[in-house]
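All remarks here apply to the structure that follows.
The values are calculated or read from the model by the stated rules, or taken from the named source; none is laboratory data. If you're wondering where the values come from, they're calculated on a predicted model, not measured in any experiment. When we count neighbours, we look across all protein chains shown, and the Cβ atoms used for this are built from the backbone with ideal geometry, even at glycine. Just the protein is used for accessible areas: all its heavy atoms, side chains included, with ligands, DNA and RNA removed. Shrake-Rupley method; radii C 1.70, N 1.55, O 1.52, S 1.80 Å.
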Amino acid sequence: MTLFLSADVLLPLCIVLPIVALVLGALAGILIFRQVQNNKLGVAKQTANKMIEDAVNEVKEMRKAADREAKEELEKDRSKMERDIREKQSAVSRSEQRILQREETLDKKEQTIDRKAEELENQRNALAQKHAEADKLKAELANANNKILDEIQHIAQMTKDEAKNRLIDAIRDEAQHDAAKMVRDIDAEAKEEADKKAQKIVALAVQRCAVDHSAEITVSTVALPNDEMKGRIIGREGRNIRALETATGCDLIIDDTPEAVVLSCFDPVRREIARIALEKLISDGRIHPGRIEDLVEKAKREVDVKIKEAGENAMYETGVFGLNPDLVRVLGRLRFRTSYGQNVLRHSIEVSNLAGIMAAELGADVMLCKRGGLLHDIGKALDHELDGTHVSIGVDVAKKYKESKGVIHCIAAHHNDIEPETIEAIIVQCADAISGARPGARRESLDSYVKRLEKLEEIANSYEGVEKSYAVQAGREVRIIVKPDVIDDVKAMFMSKEIAKQIEQDMQYPGQIKVNVIRETRAVEYAK
């Protein structure tokens, strides 16, 4: 049957039906979503349950593993503790054994000490008994000696004191003779060894150190181009020569000597300044008081430079450094100073090198010896300006420039003004003697040389028993011939020592002098 609906009915239906379909679709979708969610939830629950089961199983496995590891660690700790306990027990047992051994040793020592104490007591008792016996024997011996003395005095008609004095005199004479023989033997042996060592050291030192020497002079000669220059040097009414002498402090000697002018002055530095200034004036040709003063000032500066260079060269040559700059200048002044014809600066350098070489051979302070040797004659640089000996001036200069006590002592003792107290002072003294006494080092006047020889012979002839005496080897040895019937061998030895001491006290001389006492006995007979 066909239903025919009107438009009024169809329109609401068209609107309601989609809505109903939409609602039904939504409900179906919700139902489906819930079903899917339920399915997923079931799967998640299963998965969760499985994961929980797996986690539980894993935890059980981990617990079992942890239990096993804990048991293993516990077993290890137990083993370690047992091992430590055993080691401590063994150490305790060893300590107990050592203690027991020490106790046994102490017991043995105690027994030994007791035994020794007992023996010592027995020895003490025996010694006391022997002392008593000795006292008894001593008393008996004293009685016997008294009886013997009484008998001797009765027989010899001599008291005890007289016999004692006679015996003492005899023993004294015999002891002196024996002592003299012993001294002679020891002295001969010591001299032999000392001579060998000294010859070696001195030969080595002299071989390694040899310097030039110059003549001692108090004048300098300046050559002139011609004799007409003498008049120009003198000047009108002598004004030029007076100006030069006033500026330099030197005397100009103009005599008949052809083409030469002589400068005379005890101060070598002033003499050198005057020589340089005069040579400059001659070469310049303009000679008048104003020019003289200018050239003298230039000469002074030039000499100051030479002095400084000479002092520095001496330092470098000897290896002695650290000197005060002012002391270096004082040292450089020795370049123009001579003593007995020997240049004092070269002498000081030689003494420094000799002292250093000998100090190295003898194991002394090398640098102290070299420094003391270089400065030992420093006072000679100023002895024209200051009062006193060059030794005292040198000591004052060394103290002023803060030199060490060892260097000051070397300076003070190098001429025996004070007794040398150190091996370094003795070495410097010996080096000074070697440098001054070596052949060709110094010159002295004929008069002083002859007087020294006469004085040596006079001292030798003043002794009893001397037959003849001769000063030989330029005064470095005196040979004394004695009477053999008056002087025996022992007295000859003592005489040589006494003469040497008197020479040291009464004479001044460079180096050393050998005293040679000769005793000779001759027996002569003729065959006919």
Might you work out the accessible area of MET493 for me, using a 1.4 Å probe with all protein chains in place, and round it to the nearest 10 Å²?
20 Å²
Once the whole set of protein chains is in place, how much accessible area is left on CYS265, using a 1.4 Å probe, in Å² to the nearest 10?
20 Å²
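Carbon and sulfur: what percent of the range 41-94's accessible surface (1.4 Å probe)?
56 percent
Take the solvent-accessible surface of the protein heavy atoms, probe 1.4 Å, and return the percent of it on the range 253-303 that carbon and sulfur atoms account for.
46 percent
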If each K or R counts +1 and each D or E counts -1, the residues other than LYS405 whose Cβ falls under 13 Å of its Cβ total -1
So GLU53 and ALA128, fully extended at 0.36 nm per residue minus their Cα-Cα distance, gain in nm 16.1 nm
Determine the per residue accessible area of the range 1-125 with all protein chains present and a 1.4 angstrom probe, expressed in square angstrom.
94 Å²
Accessible surface, 1.4 Å probe, highest first, among residues TYR316, TYR401:
TYR316, TYR401
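Where the eigenvalues come from the Cα gyration tensor of the range 1-138, what are the semi-axes √(5λ) of the equivalent ellipsoid, largest first, in whole Å? Walk me through the intermediate numbers first.
Details: eigenvalues 3216, 49, 3 Å².
Each semi-axis is √(5λ); the values are 127, 16, 4 Å.
I'd like to compare 284-294, 103-113: which one has the highest average count of other Cβ atoms within 10 Å, and what's the full order after that? Spell out each step's value before the answer.
On the way: 284-294: 15.0, 103-113: 10.0.
By packing density, highest mean first, the sequence is 284-294, 103-113.
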Whole-number accessible area per residue in Å² for the range 260-396, which is evaluated in the context of all protein chains at 1.4 Å:
40 Å²
